[in-house]
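The values are calculated or read from the model by the stated rules, or taken from the named source; none is laboratory data. Model, not experiment: these values are computed from the prediction. When we count neighbours, we look across all protein chains shown, and the Cβ atoms used for this are built from the backbone with ideal geometry, even at glycine.
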Amino acid sequence: DAEITQSPRHKITETGRQVTLACHQTWNHNNMFWYRQDLGHGLRLIHYSYGVQDTNKGEVSDGYSVSRSNTEDLPLTLESAASSQTSVYFCASRPGQGTGELFFGEGSRLTVL
Amino acid sequence: AQSVAQPEDQVNVAEGNPLTVKCTYSVSGNPYLFWYVQYPNRGLQFLLKYITGDNLVKGSYGFEAEFNKSQTSFHLKKPSALVSDSALYFCAVRVVRTDKLIFGTGTRLQVFP
């Protein structure tokens with residue numbers, strides 16, 4: 001079955017380190033998204049991509065970057081991790097633009113000490 | 001600004017009773033509205049969506065939602081709650097012209113036996 005997978009599921013790192021969270025989907029979806037989930041804030045959009053070589057900033061993009069070199073993967077990089085980036089991160093995908101629903105991964109819990 | 005609000009952090013209901021989880025929105029133009037459910041330590045799962053047409057939308061697991069344009073609401077409902085419905089529920093609205101989803105802060109539904 002097609003799916004969307006995130007790795008690692010849990011990670012503990014130190015302030016200042018670079019961290020990359022992987023997201024891989026096998027549906028061949030064009031649209032991919034990264035959200036972070038925090039208590040009291042719901043889900044907030046970090047970055048998104050509508051296709052290969054396309055990336056866009058969301059509402060909370062500072063300190064994060066993404067790259068899209070193929071259809072299947074959208075890795076999220078924290079260039080220099082900060083304690084404020086301790087969160088649960090969700091990757092999602094969708095076939096194309098429009099009214100279709102998002103399909104979410106299981107999440108990656110990141111703790112920055 | 002486009003936004004969605006979920007006024008209740010938690011909703012408690014007895015098994016077998018009807019349930020309602022509230023959502024109001026603010027968008028420019030016609031709204032595209034969604035409900036998602038999140039079970040513990042899992043990603044979000046799509047429940048239902050309103051794009052156009054009938055104001056009563058039916059979705060997965062016996063849930064339905066009523067679109068009310070005059071009250072700018074999209075409340076989630078179920079005639080008879082199950083203990084297994086206990087989860088975190090998110091309302092989301094599509095942002096016009098950007099094709100992004102904005103999520104509410106979530107409502108925790110607790111169904112008691």
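Would you confirm whether or not segment A:54-72 contains a residue that is within 11 Å of chain B (Cβ to nearest Cβ) and crowded, with 16+ Cβ neighbours inside 10 Å?
Scanning segment A:54-72 turns up at least one residue that is within 11 Å of chain B (Cβ to nearest Cβ) and crowded, with 16+ Cβ neighbours inside 10 Å.
When you go through A:I4, A:I46 one by one, which is the residue that is more than 9 Å from chain B (Cβ to nearest Cβ), surrounded by 16 or more Cβ atoms within 10 Å (Cβ to Cβ) and among the hydrophobic types (A, V, I, L, M, F, W, C)?
After ruling out the rest, the residue left standing is A:I46.
Consider A:L102 against the criteria (1) at pLDDT 95 or above; (2) within 12 Å of chain B (Cβ to nearest Cβ): it satisfies all of them except one. Which criterion is unmet?
(1)
Residue pairs, Cβ under 6 Å, 6 or more apart or interchain, first in segment B:1-22 and within 14 Å of another protein chain (Cβ to nearest Cβ) and surrounded by 12 or more Cβ atoms within 10 Å (Cβ to Cβ), second in a strand (DSSP E or B) and of a type in the set (S, T, Y). List them.
B:S3/B:S26; B:V4/B:Y25; B:A5/B:T24; B:Q6/B:T107; B:E8/B:T107; B:V21/B:Y89; B:V21/B:T107
Yes or no, residue by residue, for (1) at pLDDT below 95; (2) under 22 Å from A:F104 (Cβ atoms); (3) touching a helix residue (DSSP H, G or I) at 6+ places or on another chain (Cβ under 6 Å):
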{"site": "B:L19", "(1), (2), (3)": "no, no, no"}
{"site": "B:N30", "(1), (2), (3)": "yes, no, no"}
{"site": "B:V37", "(1), (2), (3)": "no, yes, no"}
{"site": "B:L44", "(1), (2), (3)": "yes, yes, no"}
{"site": "B:L76", "(1), (2), (3)": "no, yes, no"}
{"site": "B:V93", "(1), (2), (3)": "yes, yes, no"}
{"site": "B:T98", "(1), (2), (3)": "yes, yes, no"}
{"site": "B:Q110", "(1), (2), (3)": "no, no, no"}
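Quick one: would you say A:L110 is part of a strand (DSSP E or B), modelled with pLDDT of 95 or more and either within 14 Å of another protein chain (Cβ to nearest Cβ) or surrounded by fewer than 22 Cβ atoms within 10 Å (Cβ to Cβ) (or both)?
In short, yes.
Within segment B:15-59, how many residues are in a strand (DSSP E or B) and over 17 Å from B:Y89 (Cα atoms)?
Residues meeting the conditions: 2.
Just to be sure before I move on: is A:E59 over 22 Å from B:Y39 (Cβ atoms), acidic (D, E) and modelled with pLDDT of 95 or more in the structure I sent?
no
Within the group B:K49, B:K58, which residue is closer than 18 Å to A:E101 by Cα, basic (K, R) and in contact (Cβ under 8 Å) with a residue 12 or more places away in the chain?
B:K49
Filter segment A:83-99 down to the residues that are surrounded by 15 or more Cβ atoms within 10 Å (Cβ to Cβ), more than 16 Å from A:G51 (Cα to Cα) and either more than 8 Å from chain B (Cβ to nearest Cβ) or not aromatic (F, W, Y) (or both) and list them by number. Reasoning before the result, please.
Of the residues in segment A:83-99, the ones surrounded by 15 or more Cβ atoms within 10 Å (Cβ to Cβ) are A:85-94.
Filter once more, so that each one left must be more than 16 Å from A:G51 (Cα to Cα): A:85-90.
Answer for segment A:83-99, where residues must be surrounded by 15 or more Cβ atoms within 10 Å (Cβ to Cβ), more than 16 Å from A:G51 (Cα to Cα) and either more than 8 Å from chain B (Cβ to nearest Cβ) or not aromatic (F, W, Y) (or both): A:Q85, A:T86, A:S87, A:V88, A:Y89.
Is it the case that B:Q38 is among the polar types (S, T, N, Q), in contact with a strand residue (DSSP E or B) (Cβ under 7 Å, 6 or more places away or on another chain), within 14 Å of chain A (Cβ to nearest Cβ) and in contact (Cβ under 8 Å) with a residue 40 or more places away in the chain?
So B:Q38 fits the description; yes.
When the residues of segment B:50-89 are filtered to those that are touching a Gly at 6+ places or on another chain (Cβ under 8 Å) and buried (at least 17 other Cβ atoms within 10 Å of the Cβ), which remaining residue is nearest to B:N17 (Cα to Cα)?
Ranking the qualifying residues of segment B:50-89, first place goes to B:A81.
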